[in-house]
Amino acid sequence: MATEHDEYMGSLKAQLAKLFEVSLKVTVPNELDVEPLVAACNGKFGDYQCNNAMGLWSKIKGKGAPFRGPPAVGKAIKNNLPTSEMIESCSVAGPGFVNVVLSKNWMAKSIQKMLIEGIDTWAPLPPVKTAVVDFSSPNIAKEMHVGHLRSTIIGDTLARMLEFSKVKVLRRNHVGDWGTQFGMLIEFLFEKFPNFEDATETAIGDLQAFYKASKQRFDADPAFKERAQQAVVRLQGGEDKYRRAWAQICQISRTEFHKVYQRLGVHLEEKGESFYNPYIPGVIEALNKQGLVEESQGARVIFIEGINIPLIVVKSDGGFNYASTDLAALWYRLNEEKAEWIIYVTDVGQQQHFDMFFKAAKRAGWLPQGDSSYPKASHVGFGLVLGEDGKRFRTRNTEVVRLVDLLDEAKVRSKAALIERGKGEEWTEEEIESTAEAVGYGAVKYADLKNNRLTNYTFNFDQMLNDKGNTAVYLLYAHARICSIIRRSGKDIEELKNKGTLVLGHKDERDLGLHLLQFAEVVEEACTNLLPNILCDYLYNLSEIFSKFYSNPECKVIGSDMETSRLLLCEATAVVMRKCFDLLGITPIYKI
Ligand code: ARG
């Protein structure tokens, strides 16, 4: 039996592309594999446009094809288009653009079908079966800074979008839990806590301060330094006491990180640098056998074409580094975990590292040369978070911003705004708390996700918590208002879905319907380009288009002849908005 998803034809754009593909095969039978170029146009001539005619003309002219210029090619493409209930009319414009006007009936039926069968039937078709998203990835005992917050928020959204597309996503926290800093930390732990196993988080207090203090000791006392270096060797040699001390320190960090993830509602599976350590020698040896590893100034390196510094894979002291670990991890993800798409979310500062090690992997034949085929590795870089002063974001007292404090403040502020709106008398304490959290944390996430990730952005509570403009607060309230329209109607929306009929009679209704139907292709685009801001733009536009419809007196909802249809359109908007919130990791609210 076919499941619902099996009969799903892909996004609106993909369905049109399929029709044009058929037409192109008939129009130019001798041109193999012509990709249909279909784009939304929202112009006065139509909703979508096929732009193949001009390019095709330059390929076929002079080859005896029966056309006299691009407009004639366009006309043939139009005439050869299979009939479909999707399309109301079709026309050729200018140099051969084929414009498509969608059928209102088909649009309305498709939206109603989604309401009945669920939004999952609008999920994009998966590009791969298995993907790794390597995100958050803070370093043990070092600060978890706002950069890690960005990585956590962006990575979670990308993972959610892929999961929605039915991809199996391995959400990897590649924590920095291995490296020379552990020698110093372990020695310091032994010194401060001879019974180190009793050293709990509370005893150690702030692990960052602990790191600082041990670093001071390391720099000031040569004997300590010596012991610390010995400790690294003993740790890496697997000596029990050292392993236990290391595990202890990692555990304290982990508890700290976990608090942030819990607030953000982000799930991650830790496979830190230490996990890949045993695989490094074998992986380097294999690369060596392929003749890729060379000697350079005492180190073992891989040269990359077009870059004048090589990728160091074994340091001159024989130790491994960040790149050796990343090579081993990539090998593991490709071969053991069978991932076809490996996505790394870090600040743009690490771009060269990723560029170099991806190129090394291509030289080794682990990844195909081009960037369009799979398996594929992608670096998702992002810019800095700035403070009001335009410099790297810091708070008054501490050098780095404590993430938990940030989230607390966002919650406190949105709670104050709710009290100011008089919700203190109307709502229970619990409702206030959960709404304040949804709005506060949602605001922090949305402020980050709405920008193109490569740009720096300024962290500003007043801006992100404003209830007007492109903010989570505005969007969450807009959603809550739609829910209240439906509640006020007193109708059972579940019943209407099956018994009522959705029609798109008015232009504002049709505009809203078209935007709703474009949801799947937008998620697909955001996912392919790894750009969450595309989904944010879509969501903001959706809410603007809804407002235009709802505030138009000609589109009166409650009490009008068209009440049932318009309530269904309200419900479809709320459903799509909720899915956007879900993909952005934001908890919706239902009343305000
Ligand atoms: N721990 C690194 C940092 O804090 C990020 C790790 C990213 N992932 C990776 N596979 N290199 O900058």
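The values are calculated or read from the model by the stated rules, or taken from the named source; none is laboratory data. Worth saying up front: this structure is predicted, and the values here are computed from it rather than measured. So basically every Cβ, Gly included, is an ideal-geometry build from the backbone, and we count neighbours across all protein chains shown.
Return only the number of the condition from (1) free of Cβ contacts under 8 Å to residues at least 60 places away in the same chain; (2) of a type outside the set (D, E, K, R); (3) within 21 Å of residue 380 (Cβ to Cβ) that residue 446 does not satisfy.
Unmet for residue 446, out of (1) free of Cβ contacts under 8 Å to residues at least 60 places away in the same chain; (2) of a type outside the set (D, E, K, R); (3) within 21 Å of residue 380 (Cβ to Cβ): (1).
Hey, among the residues in segment 543-578 that are within 24 Å of the chain's Cα centre (by Cα) and under 18 Å from residue 474 (Cβ atoms), which one's surrounded by the most Cβ atoms within 10 Å (Cβ to Cβ)? I'd like the intermediate steps shown before the answer.
If we filter segment 543-578 for residues that are within 24 Å of the chain's Cα centre (by Cα), which is where we start, we get 543-544, 572-578.
Okay, now just the ones that are also under 18 Å from residue 474 (Cβ atoms), so 543-544, 573-574, 576-578.
Working: 543: 20, 544: 13, 573: 25, 574: 22, 576: 23, 577: 23, 578: 18.
Out of the qualifying residues, it is 573.
Residue by residue, here is whether (1) closer than 18 Å to residue 502 by Cα; (2) under 17 Å from the mean Cα position of the chain (by Cα) holds:
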| site | (1), (2) |
| --- | --- |
| 102 | yes, no |
| 106 | yes, no |
| 112 | yes, no |
| 134 | no, yes |
| 139 | no, no |
| 142 | no, no |
| 148 | no, yes |
| 151 | no, yes |
| 154 | no, yes |
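Check residue 386 against each of (1) farther than 25 Å from residue 165 by Cβ; (2) within 16 Å of the ligand (Cβ to nearest atom); (3) in contact with a strand residue (DSSP E or B) (Cβ under 7 Å, 6 or more places away or on another chain) and name the one condition it does not meet.
(2)
Could you check, for segment 230-237, whether at least one of its residues is assigned to a loop (DSSP other than H, G, I, E, B) and at pLDDT 95 or above? Write out each step before concluding.
Start the filter on segment 230-237 by keeping residues that are assigned to a loop (DSSP other than H, G, I, E, B), which leaves 237.
Adding the requirement that they be at pLDDT 95 or above leaves none.
Looking through segment 230-237, none of the residues is assigned to a loop (DSSP other than H, G, I, E, B) and at pLDDT 95 or above.
Looking at (1) surrounded by fewer than 21 Cβ atoms within 10 Å (Cβ to Cβ); (2) within 16 Å of the ligand (Cβ to nearest atom); (3) outside any loop (DSSP other than H, G, I, E, B), which one does residue 244 not meet, given that it meets all the others?
In the conditions (1) surrounded by fewer than 21 Cβ atoms within 10 Å (Cβ to Cβ); (2) within 16 Å of the ligand (Cβ to nearest atom); (3) outside any loop (DSSP other than H, G, I, E, B), residue 244 misses (2) alone.
Quick one: residue 334 ticks every box in (1) farther than 30 Å from residue 403 by Cβ; (2) modelled with pLDDT of 95 or more; (3) touching a helix residue (DSSP H, G or I) at 6+ places or on another chain (Cβ under 8 Å) except a single one, so which number is it?
(3)
Quick one: how many residues across segment 349-368 are within 13 Å of the ligand (Cβ to nearest atom) and surrounded by fewer than 17 Cβ atoms within 10 Å (Cβ to Cβ)? Give the derivation first.
Of segment 349-368, the ones within 13 Å of the ligand (Cβ to nearest atom) are 349-358, 361.
Filter again for surrounded by fewer than 17 Cβ atoms within 10 Å (Cβ to Cβ), leaving 349-353, 355.
Residues flagged as within 13 Å of the ligand (Cβ to nearest atom) and surrounded by fewer than 17 Cβ atoms within 10 Å (Cβ to Cβ) within segment 349-368 amount to 6.
What number goes with the only condition from (1) free of Cβ contacts under 8 Å to residues at least 24 places away in the same chain; (2) outside any strand (DSSP E or B) that residue 26 does not pass?
Of (1) free of Cβ contacts under 8 Å to residues at least 24 places away in the same chain; (2) outside any strand (DSSP E or B), only one is false for residue 26: (1).
Of everything in segment 517-542, what is over 30 Å from residue 377 (Cβ atoms), surrounded by fewer than 22 Cβ atoms within 10 Å (Cβ to Cβ) and in contact (Cβ under 8 Å) with a residue 60 or more places away in the chain? Give them in sequence order. Break it down stepwise before answering.
Just the residues of segment 517-542 that are over 30 Å from residue 377 (Cβ atoms), to begin with: 517, 540-542.
After this cut, where a residue has to be surrounded by fewer than 22 Cβ atoms within 10 Å (Cβ to Cβ) as well, the list is 540-541.
Correct list: 540 only.
Return only the number of the condition from (1) part of a loop (DSSP other than H, G, I, E, B); (2) within 14 Å of residue 23 (Cβ to Cβ); (3) over 36 Å from the mean Cα position of the chain (by Cα) that residue 84 does not satisfy.
Of (1) part of a loop (DSSP other than H, G, I, E, B); (2) within 14 Å of residue 23 (Cβ to Cβ); (3) over 36 Å from the mean Cα position of the chain (by Cα), only one is false for residue 84: (3).
Going by what's in this entry, would residue 228 be described as over 27 Å from residue 136 (Cα atoms) and among the small types (Gly, Ala, Ser)? Steps first, please.
Values: over 27 Å from residue 136 (Cα atoms): yes; among the small types (Gly, Ala, Ser): yes.
Yes, satisfied.
Considering segment 331-345 alone, what residues qualify as being surrounded by fewer than 24 Cβ atoms within 10 Å (Cβ to Cβ) and among the β-branched types (Val, Ile, Thr)? Explain how you work it out, then say what you get.
To start, the set of residues in segment 331-345 that are surrounded by fewer than 24 Cβ atoms within 10 Å (Cβ to Cβ) comprises 331-332, 334-338, 340-341, 343.
Scanning segment 331-345 gives a single hit, 343.
Given the structure, is residue 405 under 30 Å from residue 461 (Cβ atoms), assigned to a loop (DSSP other than H, G, I, E, B), without any contact (Cβ under 8 Å) to a residue 60 or more places away in the chain and out of contact with any strand residue (DSSP E or B) (no Cβ under 6 Å at 6 or more places or on another chain)?
Numbers: under 30 Å from residue 461 (Cβ atoms): yes; assigned to a loop (DSSP other than H, G, I, E, B): no; without any contact (Cβ under 8 Å) to a residue 60 or more places away in the chain: yes; out of contact with any strand residue (DSSP E or B) (no Cβ under 6 Å at 6 or more places or on another chain): yes.
Against the criterion (under 30 Å from residue 461 (Cβ atoms), assigned to a loop (DSSP other than H, G, I, E, B), without any contact (Cβ under 8 Å) to a residue 60 or more places away in the chain and out of contact with any strand residue (DSSP E or B) (no Cβ under 6 Å at 6 or more places or on another chain)), residue 405 does not qualify.
Name every residue in segment 114-132 that is more than 10 Å from the ligand (Cβ to nearest atom) and within 16 Å of the chain's Cα centre (by Cα), in order of residue number.
The answer is 123, 124, 126, 127, 128, 130, 131.
Among helices (runs of 4 or more DSSP H) lying entirely in segment 120-222, which contain 2 or more residues that are at pLDDT 90 or above and surrounded by 22 or more Cβ atoms within 10 Å (Cβ to Cβ)?
Working: elements: 146-164, 181-192, 201-204, 207-220.
It comes to 146-164, 181-192.
Any chance you could count how many residues in segment 60-86 are of a type in the set (D, E, K, R) and at pLDDT below 95? Can you show your working first?
From segment 60-86, those of a type in the set (D, E, K, R) are 61, 63, 68, 75, 78, 85; that's our starting set.
Then drop every residue that is not at pLDDT below 95, which leaves 61, 63, 68.
Of the residues in segment 60-86, 3 are of a type in the set (D, E, K, R) and at pLDDT below 95.
Please go through segment 155-175 and pick out each residue that is touching a helix residue (DSSP H, G or I) at 6+ places or on another chain (Cβ under 6 Å), within 16 Å of the ligand (Cβ to nearest atom) and among the aliphatic types (A, V, I, L, M).
The one that is touching a helix residue (DSSP H, G or I) at 6+ places or on another chain (Cβ under 6 Å), within 16 Å of the ligand (Cβ to nearest atom) and among the aliphatic types (A, V, I, L, M): 169.
Among the residues of segment 133-149, what is the count of those that are away from the ligand (no atom under 11 Å from the Cβ), touching a helix residue (DSSP H, G or I) at 6+ places or on another chain (Cβ under 6 Å) and within 17 Å of residue 448 (Cα to Cα)? Write out each step before concluding.
Pass one, segment 133-149, residues away from the ligand (no atom under 11 Å from the Cβ): 141, 146, 149.
The next check asks that each one be touching a helix residue (DSSP H, G or I) at 6+ places or on another chain (Cβ under 6 Å); those that pass are 141, 149.
If we keep only those that are within 17 Å of residue 448 (Cα to Cα) too, we end up with 149.
The qualifying residues number 1.
So the check is Cβ under 7 Å with 6+ separation or different chains; which pairs have a first residue in segment 493-506 that's more than 10 Å from residue 568 (Cα to Cα) and a second one that's basic (Lys, Arg) and outside any loop (DSSP other than H, G, I, E, B)?
Every condition considered, the pairs that remain are 504/104; 504/510.
Among the numbered conditions (1) among the β-branched types (Val, Ile, Thr); (2) modelled with pLDDT under 95; (3) out of contact with any Lys or Arg (no Cβ under 8 Å at 6 or more places or on another chain); (4) closer than 18 Å to residue 462 by Cα, tell me where residue 398 comes up short.
Unmet condition: (4).
Among the residues that make up segment 490-511, is at least one of them buried (at least 22 other Cβ atoms within 10 Å of the Cβ), among the charged types (D, E, K, R) and closer than 23 Å to residue 43 by Cα?
Yes, the conditions are met somewhere in segment 490-511.
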